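What follows is a set of notes on a single structure, which appears directly below.
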Amino acid sequence: WPLLDLLVRQEEKDDIKAGKRILCRHPFIEQKRVAVVAKKVVELHTLVFDGDAGGVVIGEPTLEETKQYVAEQIKCMRPDIMREMNPGQYKVSVSDQLFHFLHKLWQVETPVLELR
């Protein structure tokens, strides 16, 4: 079963490789973190549209191809996540670099209250 989904920044995606130790963090809770050595790394997103390259990069899949892909992905999910009654949590982690970027962004963008 897939262990977790990891969100990373664009510039660090080449650093994520199978067999390499990766620090995975909870997006909001600083104390929750884990080091993972992945057996397999699968890139979940593919570039579909690139304005600099002139538009659509890959063609759209047919309806049948989409149905087949979704069915294959559902088979890969852990049963505790897919059960209807009290499903398990699906874990999504962020890289250490993305964690610090998000928290810095929140501090910059959150308005400062003024008390008088």
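Quick notes on this structure:
- Environment charge at residue 35 (Cβ cut-off 12 Å; Lys +1, Arg +1, Asp -1, Glu -1): +3
- In order along the stretch 55-68, the Karplus-derived 3J(HN,Hα) couplings, from 6.51 cos²θ - 1.76 cosθ + 1.60 at θ = phi - 60°, round to x, 5, 8, 10, x, 6, x, 6, 4, 5, 5, 5, 4, 5 Hz, and Gly and Pro are given as x.
- Theoretical ellipticity at 222 nm over the chain - DSSP helices of four or more residues, -39500 (n - 2.57) apiece, nearest 500: -8000 deg cm²/dmol
- All other residues whose Cβ lies under 13 angstrom from that of residue 58 are scored, Lys and Arg at +1 and Asp and Glu at -1, for a net of -3.
- Put in order of Cβ neighbour count within 10 Å, fewest first, the listed residues 83, 116 become 116, 83.
- Other residues whose C-beta falls under 14 angstrom from the C-beta of residue 91 contribute a net charge of +2, scoring Lys and Arg +1 and Asp and Glu -1.
- Of the GluC sites (Glu not before Pro) found in the stretch 55-116, those that fall in a DSSP loop while having at most 15 other beta-carbon atoms within 10 Å are 84, 114.
- Partner lysines whose Cα lies under 30 Å from the Cα of residue 39, excluding those fewer than 8 positions away in the same chain, are identified as 13, 17, 20, 67, 75, 91.
Readers should treat all values here as calculations from the given coordinates under stated rules, not as data from a laboratory. Note that the structure is predicted; figures quoted are calculated from it, not measured. Cβ coordinates were reconstructed from backbone atoms using ideal geometry, including for glycine residues, and neighbour counts include every protein chain displayed.
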